[in-house]
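I have placed the structure first, in the form of structure tokens, so that the comments after it can refer back to it.
The values are calculated or read from the model by the stated rules, or taken from the named source; none is laboratory data. Note that this is a predicted model, so its numbers are computed, not measured. For neighbour counting, all protein chains shown are included, and Cβ atoms are generated from backbone atoms with ideal geometry for every residue, glycine included. Surface areas here come from the heavy atoms of the whole protein model, side chains and all, with no ligands, DNA or RNA. Shrake-Rupley method; radii C 1.70, N 1.55, O 1.52, S 1.80 Å.
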Amino acid sequence: MTDDHPSGSPDGNTTPPEPGGNTTGGPHASEAAGGRPARRPRSTDPIELGFTPRKPVPWLAPFLLISTGIRTLLALLFGAYLDKRELQNALDAKIAKQVGPDGGLWLDYVADLGDGFNATYSVAYLLAQRELEVDGHRLPRAQVLVMGGDQVYPSAAFEAYEDRCKGPYQAALPVTPPERPTLFAVPGNHDWYDGLTAFLRLFVRSRDRHFGGWCTGQSRSYFAVELPADWWLLGLDDQSGSYLDDPQLTYFDAVAERLGPQSQVILAVPAPMWVKAVDHPTAYDSIDYFIRTIVAPTGAQVKLLISGDLHHYARYAGPDRQLITCGGGGAYLYPTHKLPERIEVPPKDTLARRASTSQTYDLAGCYPDAARSRRYAWGIFPRLPLRNPGFTTLLGTLHTLLMLAMAGVVTNPDGTEQRLFSVPLVAMLLVTLLGAAFFAKPPSSGGKRHVRHWILGVGHGLAQVGLAAAGTWAWLALPFHDWQWPLSTVAAVVLYGPVSGLVASQLVAAYLLVAGAFGVNVNELFAGQGIEDSKAFLRLRIDPDGTLTLYPIGIDRVSRDWQINPDLSPESSWLTPRGPLTPRLAEPPVVVGRAAESR
């Protein structure tokens with residue numbers, strides 16, 4: 001085992017100590033963040049914990065699909081009216097500074113974290129430990145924690161923040177340790193669903209500036225932090241990829257006055273627009289504008305672009321910059337086997353390319369690897385009905401109605417021609433075909449609808465109609481349809497509905513697997529599974545000489561069984577895993593910056 005860097009405590013936090021806060025580890029070391037009594041839970045009961053551990057979000061649940069679609073539509077239509085960034089001009093424009101006692105700094109990055117308790121807390125638990133031993137490297141707890149977006153799912157309700165994000169992180173680090181680690185957060189699209197109201201209440205506060213044992217360090221929804229050796233951390237808020245507001249640009253203009261040719265920048269953004277620009281060429285324009293107009297004129301270099309939003313770890317390496325996606329903080333796993341091996345940033349088909357020179361970036365590392373990602377995709381068959389019982393119920397209801405309409409036509413030969421065009425059957429056929437077509441390209445997915453979406457969507461709809469016809473034939477071969485009404489209908493609901501729903505879910509699973517191979521419904525293929533494993537976060541080390549080392553940490557299997565921690569010291573996590581929770585390096589450490597260039 002090697003000791004890569006000495007551990008230590010930061011002393012550069014510009015946030016002043018809160019009244020009653022734990023800053024010395026003396027008589028008040030048993031007090032929680034903000035000076036509240038540190039009452040440790042005696043059991044895993046929600047009343048004892050102070051929050052309710054939640055199960056993973058069932059992303060294909062019918063009501064959730066509808067509500068998410070409505071939220072997305074409202075965000076698109078009224079996002080400008082809900083935008084609170086212009087109002088933040090009245091808030092302090094602080095520029096923070098973080099330096100450790102040895103002149104260096106440890107920094108953690110985690111994103112897409114507020115989902116099911118097991119995955120979210122597994123990551124939070126590792127982040128909160130005093131030291132991690134990962135593949136022979138001793139990595140002390142970071143002095144700065146950056147949350148990179150989508151701190152909560154599925155909506156930005158305050159209760160969801162408490163149960164899915166703040167509660168688990170409070171349990172992981174109950175009190176503020178003597179070194180007072182600092183937290184900065186970038187808002188993602190899910191944080192924006194309420195116009196950023198809950199986000200500002202939690203991360204941008206003038207009093208009780210604590211999030212669990214971390215001290216919140218920002219004064220707006222965006223931030224700038226001066227780091228050791230002329231490194232800078234800049235966090236942007238681009239309101240779900242729309243634009244950068246004028247107060248934000250003015251704030252970063254002031255930051256730019258402190259940058260120079262020797263400055264090196266870590267730019268944290270809400271989404272990996274360098275990857276999304278492959279399908280949507282204009283997606284990268286806001287980032288390119290910021291780098292071109294704010295950073296580049298100072299002579300400083302953006303060495304690292306980092307984001308969440310896609311729930312995996314992926315690193316693209318270029319001639320002088322690393323582009324990293326690290327969204328493995330708790331949300332369902334997103335595949336890596338569909339990532340392009342090479343991208344051009346800015347892309348060819350965009351106006352930004354005329355202003356900025358395009359560079360080629362190669363996929364240098366990802367977690368999980370492509371082979372494991374493909375194996376995960378096949379898990380859609382058992383996981384789809386298991387994770388989304390409401391979706392299976394919806395399919396069963398649809399097929400029961402289709403069967404009853406078709407059986408009515410078949411068992412009444414008189415007037416069959418008229419019945420074929422009767423409203424119930426025609427309506428059900430239209431609902432099935434149109435539903436499948438729109439499922440192939442949900443409104444929330446953005447981008448253009450291509451021919452492959454129509455072909456796969458309509459083909460899926462026809463397959464569901466064919467399944468309904470086969471189900472009707474099988475039902476008519478049974479005695480239940482001869483029962484008097486309403487017994488025949490009751491039998492259809494009780495017997496045919498559950499069976500048809502389960503069979504139809506497997507047809508949907510087969511469709512998602514095929515469609516995913518063509519780049520359609522890739523998100524639904526994995527969202528429908530709600531995979532909790534293969535989580536990841538970044539631990540970064542800045543040495544006093546300016547060397548930046550990245551340690552991508554992967555968790556192959558999260559813990560699913562927790563117990564009260566027998567260690568009753570105030571700083572220790574409330575809950576510990578009963579079984580092993582073993583982090584490992586997702587890829588070997590990556591060195592960037594001037595030190596890397598000189599090697």
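A simple spin-label model places the labels of residue 502 and residue 349 4.5 nm from each other, with each point 7 Å out along Cα-to-Cβ.
What whole-number value in Å² describes the accessible area per residue of the stretch 283-392 for a 1.4 Å probe?
Per residue, the stretch 283-392 has 39 Å² of solvent-accessible surface.
Cβ-Cβ distance of residue 484 and residue 427, R₀ of 30 Å, FRET efficiency by 1/(1 + (r/R0)^6): the value works out to about 0.70.
Each peptide in 322-330, 258-266 was scored by the mean count of other Cβ atoms within 10 Å over its residues; highest first, the order is 322-330, 258-266.
Computed with a 1.4 Å probe over protein heavy atoms only, the accessible area of residue 276 comes to about 70 Å². Let a ≥ b ≥ c be the square roots of the eigenvalues of the Cα gyration tensor of the stretch 95-149; is it rounded (a/c under 1.5), or, if not, prolate (a/b larger than b/c) or oblate? Oblate, because a/c is 1.5 or more while a/b does not exceed b/c. With the cut-off at 1.5 for a/c, could you classify the stretch 489-586 from its C-alpha gyration tensor as rounded, prolate or oblate? Because a/c hits 1.5 or more and a/b fails to exceed b/c, the stretch 489-586 counts as oblate. Would you mind checking the stretch 136-173 for residues with the amide N under 12 Å from a putative spin-label position 7 Å along Cα→C-beta of residue 197? Residues 156-159 fall inside that zone.
The Cβ shell under 14 Å around residue 532 holds other residues with a net charge of +3, Lys and Arg each +1, Asp and Glu each -1.
With R₀ set to 45 Å, the beta-carbon distance separating residue 317 from residue 569 gives a calculated FRET efficiency near 0.60.
Spacing of the modelled spin labels on residue 438 and residue 246, each 7 Å from Cα toward Cβ, amounts to 3.9 nm.
Applying 1/(1 + (r/R0)^6) with r as the Cβ-Cβ distance of residue 493 and residue 454 and R0 = 30 angstrom yields a FRET efficiency of 0.35. Cut-off under 14 Å on the C-alpha distance; same-chain residues fewer than 8 positions from residue 97 excluded. Which aspartates and glutamates are left, in chain and number order? Within the straight-line cut-off, residue 97 pairs with 11, 226, 230.
If you model the stretch 216-311 as an ellipsoid using its alpha carbon gyration tensor, with each semi-axis the square root of five times an eigenvalue, the axes come out at 21, 15, 13 Å, biggest first. Length gained on full extension, residue 410 to residue 52, computed as 0.36 nm times the residue gap minus the Cα-Cα distance: 123.7 nm. Greater than 31 Å separation of Cα atoms is the criterion. Which listed pairs, 166/338; 94/348; 441/535; 166/441; 303/441, meet it? Over 31 Å apart, Cα to Cα: 166/338; 94/348; 166/441; 303/441.
The largest accessible area among 555, 564 belongs to the first residue in 564, 555, and the rest follow in falling order (1.4 Å probe, all chains). Summing +1 for each Lys or Arg and -1 for each Asp or Glu among the other residues whose beta-carbon sits under 13 angstrom from that of residue 226 gives +1.
Quick check: with the 1.4 Å probe, what order do 137, 280 take by accessible area, largest first?
Final ranking, largest accessible area leading: 280, 137.
Using the average count of surrounding beta-carbon atoms within 10 Å as a protection proxy, the listed peptides 119-127, 483-491 rank, highest first, as 119-127, 483-491.
Which order do the peptides 195-202, 216-223, 108-115, 139-146 come out in when sorted by mean C-beta neighbours inside 10 angstrom, highest first? Numbers along the way, then the final one.
Values: 195-202: 19.4, 216-223: 22.9, 108-115: 28.6, 139-146: 24.5.
Highest mean packing first, the order is 108-115, 139-146, 216-223, 195-202.
Taking label positions 7 Å along the Cα-Cβ direction at both residue 510 and residue 338, the computed distance is 2.0 nm, reported to one decimal. Compared with the direct C-alpha span, the chain from residue 476 to residue 375 gains 32.5 nm at full extension, assuming 0.36 nm per residue.
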